[in-house]
1. Under a 1.4 angstrom probe, counting protein chains only, how are A:150, B:377 ranked by accessible area, largest first?
2. Using modelled amide H (1.01 Å from N, peptide plane; none on Pro or chain starts), what sits under 5 Å from the amide H of residue C:130, excluding residues fewer than 5 places away?
3. In whole Hz, what ³J(HN,Hα) sequence does segment A:9-17 give by Karplus (6.51, -1.76, 1.60; θ = phi - 60°), x for Gly and Pro?
4. Tell me the accessible surface of residue A:120 in square angstrom (1.4 angstrom probe, heavy atoms of protein chains only), to the nearest ten.
5. Which order do the peptides B:265-277, C:145-157 take when ranked by the mean count of other beta-carbon atoms within 10 Å per residue, highest first?
6. At 1.4 Å probe size, with no ligands or nucleic acids counted, give the accessible surface of residue C:91 in Å², nearest ten.
7. Take the Cβ-Cβ distance between residue B:239 and residue A:159 as r, set R0 to 60 Å, and report the resulting FRET efficiency rounded to the nearest 0.05.
8. Considering the protein assembly as shown, what Rg and Dmax in Å follow from its alpha-carbon atoms?
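The values are calculated or read from the model by the stated rules, or taken from the named source; none is laboratory data. Bear in mind the structure is a predicted one, so any value in this text is a computation, not a measurement. Backbone-built Cβ (ideal geometry, glycine too); neighbour counts: all protein chains shown. With ligands, DNA and RNA removed, areas are computed over all heavy atoms of the protein, side chains included. Shrake-Rupley method; radii C 1.70, N 1.55, O 1.52, S 1.80 Å.
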Amino acid sequence: MALATAMAYVAGWNYIACALFITFDVVARSLLGFSSAATIEVTGYMLAGGIAWGLAHTLARRAHIRVDVWVNRLPLRLRAVLHLVSLLLLGAFAVFCAWSAAALVDESLLFDAHDNSALRIPLVIPQGIWTFGIIAFCLMITVLALESALSLLLGRPAELDALLGSRTLEDETEEALEAVQMAREGTR
Amino acid sequence: MIAVVFLLLLLAAAVFAAVTGGQTVPVWEILALTGVFLLFFGAGVYIAAVLGLLGILIGLTFSDRPWWAFAGQTLWGPSSNFVLVAVPLFLLMGEILLRAGLSDRLYRALNVWLNRLPGGLLHTNIASCALFSAISGSSVATAATMGSVALPYFRDSAYNQRMVLGSLAAGGALGNLIPPGITFIIYGLITETSVGALYIAALLPSILVTGLFILVILAHGLTHRMDRPPPLPLGMKLRALLGLVPTLLLMLLVLGSIYAGFATPTEAAALGAVGAAVFAAAEGKLTFRLLHASAEATARNTALLGLIIFGAYLLNYLLTTINVPQALAGFIGGMPLPPWAIMACILALYLALGTFMEGFSMIITTVPVVFPIVTALGYDPIWFGVMVTMLVEIAQISPPDGTVMYVLQGMRPKPGPITDVFVGVTPFLAAYLLAVVLMMIWPEIALWLPGVMG
Amino acid sequence: QGLPPGPKVSVVAVTQPLPTQPQYTRVDVPLLREQTAQRSNGRVEVQLSTHAERNLSGTELVRLVRSGQADIAAATLTTLSGDVPILDGVDLAGLAPGIDGAKRIAEAMLPVVNRDLERFGARLMVIYPFPAQVVWCRQPFSGLAELKGRKVRTFGNSLVDFFTALGAQPVSIGFPEVYSALERGVVDCAITGTGSGVAARWPEVTTHVSNLPVSWALAGYMVNIAWWNRLDPQVRSFLEGTFREINDKQWELGAAATRDGLDCATGKAEGCRIHTLATRPITEVPATEADRAALREILEKSVLPGFVKRCGARCGEVFNQVIAPIAGVRAGG
Ligand code: NA
Ligand code: NA
């Protein structure tokens, strides 16, 4: 869990770095007359890495989108079972993604593939970082699935609901208000 | 839901192919898949998993090729695409502006000028959302930012709470339509149309929609008379304009850099994010904590969209492999209906999907299928991009499911049922739909400006 | 020639970036799809689509063929060079000022690059050209030397080396954004085929186009070897015949389309038959002797060493063995 959070912060700061990098490139091109000639590729890799490294944390924060209008009206016991089923299905998809990503890295190794940018970056590096994020996502799903299965076996469906249920309106509100609070702090 | 729609379309295409080509149709397989997915949705399965697993099942059922051997490339392509880099950058900009309180200053400045009109502060809601939309590319960010700023002003006022919520939701739904916008970037990516041209085309339609919103509020203000606040001296009003400066400068930076030729639309998003941080620093609010919190929120929201992209691209790849879009385009193009009627059906389909679907997933899963039909019918890709964006925005404020409305409901200072938001947004929804009809009758509203400038 | 009756063969082919390109509408559709169906009496059925329709960027085509997703695929060689570096050597900037030279180099290199490609389960059957890659600018210029200091949109390593050596500033922007980048001056110039430039309506946003072919955007049709070897020998020789015809047609089209694109761009209606006539004609900048000399010098001093550096010493040896006798330029001094 802590690792997933740390990975998400890395992903987030990576976007800040990305903004600075592109800004630098635009300024350098317009005013100084040079550009890195690999911005498109490098920032693309930063996006891929950012997406993959944020996946596990997003799941832990229960922020991945589900269609849960019906589920939330069901009795707690049934709802808990359905949460676990949904998680397992997500797990099946995530494992497929991780397997395909690993196969892609393997293929890039076979080709000794480089991109067409001026830096000729070996594709194994960005694709490897990306794959690592997806594998971490799979691990997070496994951990959550084990925890939920345990709660279900012990007859504590409420715990499972808290673990996997979608973010409630209160969660969303709390976050927005926290952000506004931060904005107000400086003024008073 | 969308998966079900896709399967039904698939069924229609297969039946059509059978009628014309005399092949056997796997009707039962398709019906079984549809059933499985109705069940999935009932169980509240993650959208990305539904799309991805549907793709995998379609691949296993209909393709005789080892499609899985290419799946890694199918996922890697969109996740490392430079054009999509704009998405986290716009989100980052919104997070920084929200946390730095720049949006509050914007609201106060506009308020001084607009609060004596019939409808009062409600006009400020629309105007501040419209201005904020001109720097932010996301509707949810616009609604969250301006909503959190505006709602406290209405805490103990005589304003109709429903209209307050409705006007803020409607204002939020300008976020993508007024350039810049994430929807245009994704549409441009899928259809290979120029994002710059889409932005220009969206200018007049966004003025039209904003104008219709103002008319709605005027009508409300004239029928529900309220005491006007005392007039302020002109000097004070002029000084209040200073609050607009950061927003206008950011607008100049983001849109100006595109049209002055310094930056492409994706690069402009990066300039906006850095510019927002610079203004936060000028206000003395650029702390590590602010950046850290903004980074986390950006990472989370990008990952959420990224996972849906994984599912959607896998599904799209398999649908294309078994020739569904082409068959569907041929099928619809061959229907004995005039092009405008087919277009009306497509728009109606978007409206129907929009009542229960989130706009982003809607565009990424449907445009690859619908776009070839649209061009085959002879409609302009730029015009259609603006139309799709308007429909996606409408989806955000059409009950019962709309992210923008949920965000506002979550921020209400005084609790109340979500139906308040639903009722409040309805007149604005009607105005938005009127704009769509006008665009259908006079496509020039979108196409005139690019024609003049290009 | 025809094909005797037998079990049906269903072929998946993914060729050309866009469905509107003449390479697709004038060669692939009539020869690869319609003529094979007709001559084989429906026995060979080719399911044909383009990169755009399959959501592909063009760099991943070797992998597409290798994975068996497509039996036949066509793509430009420079975009594939990330996976198979030697492919870049067939079409270096400045290597072939005329289309005949490009064709001789392509024919000589075909068996050589296949040694590399076959390790990955793919084989090139045909190498063919797109219209000559030429420079388009939004401001007047009379020769290559005047591009110094300008921002030029390029793609691929050898063009980046080429324009850097010219003293221009290479900028990488995705093809769909180049139109507005030229319009607003994000870039001053851009390089693409004469035909692609006209098709993308570049004459609306540029004023001058050079007629000096910097390179040819050579492309190739690949097949999946396992699939190819499994084919009924009669079907295989039938398809070999089709590839031979495609080869001839594509080279013919490459030559015709190069001139046609320039005529369409400059508003010469009588020569503009393949592409659409530009609404705002622009000026053609004729290549000078100085330009040709500069092209050759940069090839020797920058482009070729850059290629050998990326691809390895072995590529330099291959170049000297196969291409040097034709082009008259040697790698490594
Ligand atoms: Na916007
Ligand atoms: Na909706």
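1. A:150, B:377
2. C:218, C:219
3. Using θ = phi - 60°, the values come out as 5, 4, 4, x, 5, 4, 5, 4, 4 Hz.
4. 40
5. Result, highest mean Cβ count within 10 Å first: B:265-277, C:145-157.
6. We get 10 Å² for residue C:91.
7. Efficiency, rounded to the nearest 0.05: 0.60.
8. Just the Cα atoms of the protein assembly as shown yield Rg and Dmax of 28.8, 95 Å.
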